[in-house]
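First comes the structure, then the notes that go with it.
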Amino acid sequence: MMRIKALPDVPRWAVLAAHAVPLVTLPSGLWRLALVAGLPVTQDADWGAGMSVGESVYVVSLSVVSELLAFLTLGLVRSWGEVFPRWMPFLGGRRVNPAAATGAALAGVAGLCAIVAWGVYASYADLGPGIPATPVQDAVLVACYAPLLAWPVLLAAVAVAYHRRRRDGAKGPAGGGTRQYGAGCPAPSSWV
(Lines give C-alpha, C1' and ligand atoms only; values in the text may rest on other atoms or scores of the structure.)
Protein backbone atom coordinates (compact mmCIF):
# COMPACT_ATOMS: atom_id res chain seq x y z
CA MET A 1 0.00 0.00 0.00
CA MET A 2 1.23 3.48 -0.84
CA ARG A 3 2.38 5.51 2.14
CA ILE A 4 1.36 9.18 2.14
CA LYS A 5 3.84 11.46 3.89
CA ALA A 6 2.58 13.71 6.65
CA LEU A 7 3.38 14.69 10.21
CA PRO A 8 2.74 11.91 12.75
CA ASP A 9 -0.02 13.70 14.70
CA VAL A 10 -2.14 14.66 11.67
CA PRO A 11 -5.43 12.72 11.48
CA ARG A 12 -5.53 10.29 8.55
CA TRP A 13 -8.68 11.91 7.16
CA ALA A 14 -6.93 15.31 7.04
CA VAL A 15 -3.96 13.82 5.20
CA LEU A 16 -6.25 12.22 2.63
CA ALA A 17 -8.27 15.44 2.25
CA ALA A 18 -5.12 17.53 1.76
CA HIS A 19 -3.83 15.13 -0.88
CA ALA A 20 -7.22 15.11 -2.62
CA VAL A 21 -7.22 18.88 -3.20
CA PRO A 22 -4.65 18.88 -6.06
CA LEU A 23 -6.55 15.98 -7.62
CA VAL A 24 -9.91 17.79 -7.64
CA THR A 25 -8.37 20.80 -9.40
CA LEU A 26 -6.60 18.73 -12.05
CA PRO A 27 -9.55 17.89 -14.39
CA SER A 28 -10.57 21.54 -14.89
CA GLY A 29 -6.97 22.50 -15.60
CA LEU A 30 -6.66 19.72 -18.14
CA TRP A 31 -9.92 20.84 -19.79
CA ARG A 32 -8.57 24.40 -20.11
CA LEU A 33 -5.29 23.10 -21.56
CA ALA A 34 -7.26 21.00 -24.06
CA LEU A 35 -9.20 24.14 -25.02
CA VAL A 36 -6.00 26.09 -25.67
CA ALA A 37 -4.53 23.17 -27.61
CA GLY A 38 -7.55 23.23 -29.92
CA LEU A 39 -8.86 19.80 -28.96
CA PRO A 40 -12.58 19.24 -29.60
CA VAL A 41 -13.90 20.27 -26.18
CA THR A 42 -16.27 22.77 -27.81
CA GLN A 43 -18.51 22.47 -30.85
CA ASP A 44 -16.85 25.42 -32.54
CA ALA A 45 -13.29 24.23 -33.13
CA ASP A 46 -12.13 27.81 -33.72
CA TRP A 47 -13.48 28.98 -30.36
CA GLY A 48 -10.50 27.63 -28.41
CA ALA A 49 -7.93 27.57 -31.18
CA GLY A 50 -8.82 31.13 -32.22
CA MET A 51 -7.67 32.61 -28.91
CA SER A 52 -5.09 35.33 -29.00
CA VAL A 53 -1.66 34.68 -27.48
CA GLY A 54 -2.63 36.74 -24.43
CA GLU A 55 -5.83 34.78 -23.89
CA SER A 56 -3.96 31.49 -24.27
CA VAL A 57 -1.32 32.57 -21.75
CA TYR A 58 -4.09 33.63 -19.35
CA VAL A 59 -5.90 30.29 -19.61
CA VAL A 60 -2.69 28.26 -19.18
CA SER A 61 -1.61 30.50 -16.27
CA LEU A 62 -5.00 30.02 -14.62
CA SER A 63 -4.50 26.26 -14.75
CA VAL A 64 -0.95 26.44 -13.38
CA VAL A 65 -1.78 28.92 -10.60
CA SER A 66 -4.86 27.00 -9.46
CA GLU A 67 -2.82 23.78 -9.25
CA LEU A 68 -0.03 25.52 -7.31
CA LEU A 69 -2.57 26.99 -4.86
CA ALA A 70 -4.10 23.54 -4.46
CA PHE A 71 -0.66 22.10 -3.62
CA LEU A 72 -0.31 24.64 -0.79
CA THR A 73 -2.94 22.63 1.09
CA LEU A 74 -0.26 19.96 1.63
CA GLY A 75 1.58 22.44 3.85
CA LEU A 76 -1.19 22.07 6.40
CA VAL A 77 -0.26 18.41 6.95
CA ARG A 78 3.50 18.46 6.32
CA SER A 79 6.47 19.90 8.17
CA TRP A 80 6.86 22.87 5.80
CA GLY A 81 3.54 24.09 7.17
CA GLU A 82 5.13 24.40 10.60
CA VAL A 83 8.67 25.54 9.77
CA PHE A 84 9.61 27.33 6.54
CA PRO A 85 12.09 25.31 4.44
CA ARG A 86 15.68 26.54 4.73
CA TRP A 87 15.92 27.40 1.03
CA MET A 88 13.33 30.20 1.37
CA PRO A 89 14.97 33.63 1.52
CA PHE A 90 14.37 35.63 4.72
CA LEU A 91 11.98 33.01 6.15
CA GLY A 92 13.96 29.77 5.95
CA GLY A 93 14.08 27.92 9.27
CA ARG A 94 11.55 30.17 11.01
CA ARG A 95 8.29 28.92 12.49
CA VAL A 96 5.16 29.40 10.45
CA ASN A 97 2.66 31.53 12.35
CA PRO A 98 -0.32 29.17 12.83
CA ALA A 99 -2.83 32.02 12.84
CA ALA A 100 -1.45 33.38 9.56
CA ALA A 101 -1.50 29.96 7.89
CA THR A 102 -5.01 29.24 9.12
CA GLY A 103 -6.19 32.73 8.16
CA ALA A 104 -4.73 32.40 4.65
CA ALA A 105 -6.38 28.99 4.21
CA LEU A 106 -9.76 30.24 5.42
CA ALA A 107 -9.45 33.34 3.20
CA GLY A 108 -8.87 30.90 0.35
CA VAL A 109 -12.03 29.05 1.36
CA ALA A 110 -14.00 32.32 1.32
CA GLY A 111 -12.57 33.22 -2.09
CA LEU A 112 -13.39 29.80 -3.51
CA CYS A 113 -16.94 30.00 -2.14
CA ALA A 114 -17.35 33.42 -3.76
CA ILE A 115 -16.12 32.05 -7.10
CA VAL A 116 -18.52 29.09 -6.86
CA ALA A 117 -21.43 31.40 -5.98
CA TRP A 118 -20.62 33.70 -8.90
CA GLY A 119 -20.32 30.72 -11.26
CA VAL A 120 -23.71 29.36 -10.21
CA TYR A 121 -25.31 32.80 -10.54
CA ALA A 122 -23.68 33.47 -13.91
CA SER A 123 -24.81 30.15 -15.34
CA TYR A 124 -28.42 30.63 -14.21
CA ALA A 125 -28.50 34.29 -15.27
CA ASP A 126 -27.02 33.30 -18.66
CA LEU A 127 -24.12 35.72 -18.29
CA GLY A 128 -20.98 35.44 -20.38
CA PRO A 129 -20.40 34.39 -23.94
CA GLY A 130 -21.41 30.78 -23.48
CA ILE A 131 -19.49 27.86 -24.89
CA PRO A 132 -21.00 26.24 -27.97
CA ALA A 133 -20.96 22.53 -27.24
CA THR A 134 -22.72 19.27 -27.97
CA PRO A 135 -24.40 17.39 -25.10
CA VAL A 136 -21.35 15.12 -24.80
CA GLN A 137 -19.00 18.11 -24.66
CA ASP A 138 -21.25 19.70 -22.03
CA ALA A 139 -21.09 16.47 -19.99
CA VAL A 140 -17.28 16.46 -20.24
CA LEU A 141 -17.18 20.12 -19.13
CA VAL A 142 -19.40 19.40 -16.12
CA ALA A 143 -17.40 16.27 -15.25
CA CYS A 144 -14.18 18.31 -15.32
CA TYR A 145 -15.48 21.27 -13.32
CA ALA A 146 -17.78 19.52 -10.79
CA PRO A 147 -14.88 18.23 -8.65
CA LEU A 148 -13.93 21.86 -7.96
CA LEU A 149 -16.97 22.06 -5.68
CA ALA A 150 -15.07 19.88 -3.21
CA TRP A 151 -12.06 22.22 -3.06
CA PRO A 152 -13.42 24.75 -0.51
CA VAL A 153 -14.92 21.98 1.63
CA LEU A 154 -11.68 19.96 1.74
CA LEU A 155 -9.55 23.05 2.34
CA ALA A 156 -11.80 24.22 5.19
CA ALA A 157 -11.66 20.81 6.88
CA VAL A 158 -7.86 20.59 6.60
CA ALA A 159 -7.44 24.20 7.79
CA VAL A 160 -9.58 23.58 10.88
CA ALA A 161 -7.64 20.37 11.63
CA TYR A 162 -4.36 22.32 11.24
CA HIS A 163 -5.61 25.06 13.57
CA ARG A 164 -6.71 22.57 16.23
CA ARG A 165 -3.49 20.59 16.01
CA ARG A 166 -1.26 23.65 16.21
CA ARG A 167 -3.33 25.21 19.01
CA ASP A 168 -3.25 22.00 21.03
CA GLY A 169 0.38 21.35 20.08
CA ALA A 170 1.47 24.73 21.48
CA LYS A 171 0.59 23.43 24.94
CA GLY A 172 2.88 20.45 24.36
CA PRO A 173 2.64 17.07 26.00
CA ALA A 174 0.47 17.04 29.13
CA GLY A 175 -0.15 20.79 28.89
CA GLY A 176 3.44 21.84 29.58
CA GLY A 177 6.37 22.77 27.37
CA THR A 178 6.26 23.40 23.69
CA ARG A 179 6.39 21.00 20.82
CA GLN A 180 7.55 22.07 17.42
CA TYR A 181 8.43 20.01 14.39
CA GLY A 182 11.53 21.20 12.69
CA ALA A 183 12.94 22.88 15.80
CA GLY A 184 16.68 23.14 15.66
CA CYS A 185 18.16 21.43 12.62
CA PRO A 186 15.60 19.01 11.22
CA ALA A 187 16.57 15.90 9.33
CA PRO A 188 16.45 16.37 5.53
CA SER A 189 13.84 13.63 5.25
CA SER A 190 11.41 15.69 7.34
CA TRP A 191 11.09 18.27 4.54
CA VAL A 192 9.59 15.81 2.08
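The values are calculated or read from the model by the stated rules, or taken from the named source; none is laboratory data. What you are looking at is a predicted structure, and each value in this text was computed from that prediction instead of being measured. Don't worry about glycine lacking a Cβ; one is built from the backbone with ideal geometry, like all the others, and counts go over all protein chains shown. Surface areas here come from the heavy atoms of the whole protein model, side chains and all, with no ligands, DNA or RNA. Shrake-Rupley method; radii C 1.70, N 1.55, O 1.52, S 1.80 Å.
So here's what we get for this one:
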quantity	calculated
Simple label model, 7 Å out from Cα along Cβ direction - Ala107 to Arg12, nm	3.5 nm
By accessible area with a 1.4 Å probe, ligands and nucleic acids excluded, highest first: order of Glu82, Glu55	Glu55, Glu82
Accessible area, probe 1.4 Å, largest first, for residues Tyr162, Tyr124, Tyr58	Tyr124, Tyr58, Tyr162
Modelled FRET efficiency - R0 41 Å, Arg95 with Leu39, Cβ distances, 0.05 increments	0.35
Accessible surface, the range 5-106, averaged per residue in Å² (probe 1.4 Å)	54 Å²
Net length gained if the chain between Val120 and Leu30 were fully extended (0.36 nm per residue, minus Cα distance)	30.3 nm
For Val83, residues with placed amide H under 5 Å, excluding near neighbours	Val96
Estimated vicinal HN-Hα couplings, Hz - the range 134-140 in sequence order (Karplus 6.51, -1.76, 1.60; Gly, Pro = x)	7, x, 5, 5, 4, 5, 5
Accessible area (Å², per residue) of the range 109-158, counting only protein heavy atoms and a probe of 1.4 Å	62 Å²
